[in-house]
Every structure is written in structure tokens, then in C-alpha cells.
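Before any comments, here is the structure.
The values are calculated or read from the model by the stated rules, or taken from the named source; none is laboratory data. Remember, predicted model here, so these are calculated numbers, not experimental data. Counting neighbours? That spans all protein chains shown, and the Cβs are built from the backbone with ideal geometry, glycine included. Side chains included, ligands, DNA and RNA excluded: accessible areas come from the protein's heavy atoms. Shrake-Rupley method; radii C 1.70, N 1.55, O 1.52, S 1.80 Å.
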Amino acid sequence: MPDPLSLTDRLALQRTRLANERTFLTYVRTSLAMLGFGLVLIQLHPVRTGALGYGAVLAAAVVMLTGFIRFRQRRREIEAC
């Protein structure tokens, strides 16, 4: 049985999947930047900037978790189409 979606619809679906992946990679990049910033602060001066550094590391984990959850939700929505 032929695919019920036209070529235009299949390409649009693929573009949507790729956009979702690009968004997830943006979350990963942001998380890595925040993690690096936090680790640098911890290494440079643990007494004065340690709390800020640990906060940045924690924020990086939250950003990564948020990005992963959103990626999975959008992937399910896209696959449901």
C-alpha cells in the first residue's frame, strides 16, 4: 500500500524532526557552556565564587534535563502525526 502522505508532507515532517534535534542540541550546547563556566569559577577561586560556580553547574543540569524532556515530548508529538 502506498504511503498516504505526499512528498511535500513527508519532507515537512522530516524538517520538523530535524528542527527538534537542532533545538535539543542547542540545549546541550547551552548546558555545556554553563557547566564549563561553573567549573572555571570553582577552580579559580573556590571560596569566593564557589557558590556561584556550583549554582552554574546545577543550572546546567536543569537546562539539560529540561531540554531532554522537551525533546522527547516533541518527538512523540511529531511521531503521532
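Listing for the model above:
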| item | result |
| --- | --- |
| Selection from region 58-81 of residues that are touching a residue at least 40 places away in the same chain (Cβ under 8 Å) and either within 30 Å of Val40 (Cβ to Cβ) or open to solvent by 90 Å² or more (accessible area, probe 1.4 Å) (or both) | Gly67, Phe68, Arg70, Phe71, Arg75, Cys81 |
| Near pairs, Cβ below 6 angstrom, 6+ apart or cross-chain, from region 3-25 (part of a helix (DSSP H, G or I)) to any residue that is open to solvent by 70 Å² or more (accessible area, probe 1.4 Å) and among the small types (Gly, Ala, Ser) | none |
| Any chance Leu32 is assigned to a helix (DSSP H, G or I), of a type outside the set (Val, Ile, Thr) and more than 20 Å from the chain's Cα centre (by Cα) | no |
| Output for region 31-44, where each listed residue is among the polar types (S, T, N, Q) and open to solvent by 60 Å² or more (accessible area, probe 1.4 Å) | Gln43 |
| Selection from region 1-25 of residues that are open to solvent by less than 60 Å² (accessible area, probe 1.4 Å) and closer than 14 Å to Thr66 by Cβ | Phe24 |
| Extreme residue, farthest from the chain's Cα centre (by Cα), among residues of region 41-65 that are among the β-branched types (Val, Ile, Thr) and either modelled with pLDDT under 95 or within 30 Å of Arg10 (Cβ to Cβ) (or both) | Val47 |
